[in-house]
């Protein structure tokens, strides 16, 4: 469904389990950044009524997810650590086309958001299936469902504001590039991406 061309190395879940405080911290900041990205899109494209209408509730949902992760940290007597550089996202941003029309810049932003949500969904799915602790399986299952719907929303908005053929072509370019990113990133259990 997600179209990702390279699955996450299955060893990632084992590494994440060993770094639970770190993975929860990184997850919390990912949720915070997702809310911020939606706010930024609304601020930059207030004339795109459907975008504003669809993303406004996502801001609330993502912030709620941030709070859920904070609660999980607290429940486990773990601390929210410092935010770390997200190498995965930074590599995606380097691939983003610079300049172009306002509509082309919107397309780039929407596709990057879609890809981040798709990879997050895939990782949450792995955690929901393979992490040892039953409570965490359920916890991550909820996030997997949310990320899948967000991925779909960003793709649908891209198709709404750009022609479908352009979206399809550029999406494939992003998927191909993401394979290179995943191949070159160190497998780390303290990062969601």
Check your understanding: Order of 109, 191 from fewest to most other C-beta atoms within 10 Å?
Key -> 109, 191
Study note, to complete from the structure: For residue 4, placing the label point 7 angstrom along Cα-to-beta-carbon and taking region 167-193, residues whose amide nitrogen sits under 11 Å are 179, 182, 192-193
Exercise for review: Work out the FRET efficiency for residue 169 and residue 39 from their Cβ-Cβ distance, taking R0 = 41 Å, and round it to the nearest 0.05.
Suggested key: 0.90
**Study point:** Crossing angle, helix 20-44 versus the chain [Cα axis fit, 0-90 degrees, rounded to tens]
**Key:** 20
Check your understanding: Can you give the calculated 222 nm mean residue ellipticity of the chain, where each DSSP H run of n ≥ 4 adds -39,500 (n - 2.57) and the sum is split over every residue, rounded to the nearest 500 deg cm²/dmol?
Key -> -26500 deg cm²/dmol
Check your understanding: Any idea what angle helix 164-184 forms with the longest principal axis of the chain, computed on alpha-carbon atoms, 0 to 90 degrees, nearest 10?
Key -> 40
Practice item. Go ahead and run the numbers for FRET between residue 52 and residue 149, Cβ-Cβ distance against an R0 of 22 Å, rounding to 0.05. Key: 0.80
Review point. Using Cα-only point scatterers and the Debye equation, what is log10 of I(q)/I(0) for region 128-175 at each q in 0.28 Å⁻¹, rounded to two decimals?
Key: -0.95
Review point. With a Cα-only, solvent-free Debye model of region 86-141, what are the log10 I(q)/I(0) values at q = 0.20 Å⁻¹?
Key: -0.74
Check your understanding: Over region 59-100, what per residue volume does the convex hull of the Cα atoms give, in whole Å³?
Key -> 100
Practice item. Order by neighbour count: 150, 193, fewest other Cβ atoms within 10 Å first, most last. Key: 193, 150
Exercise for review: Would you mind ranking 119, 76 so that the residue whose beta carbon has the fewest other beta carbons within 10 Å leads the list?
Suggested key: 76, 119
Revision key, fill the gap. Taking only the Cα positions of the chain, the convex hull volume per residue in Å³ is 110
Practice item. Quick one: compute the contact order of the chain, relative version, from alpha carbon pairs under 8 angstrom and 6+ residues apart, as a percent. Key: 35
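Quick note: the coordinates plus some simple rules give every number you see, no bench work behind them. In this text the structure is predicted, and so the values were computed from the model without any measurement. Quick reminder, even Gly has a Cβ in these numbers, built from the backbone with ideal geometry, and neighbours come from all protein chains shown.
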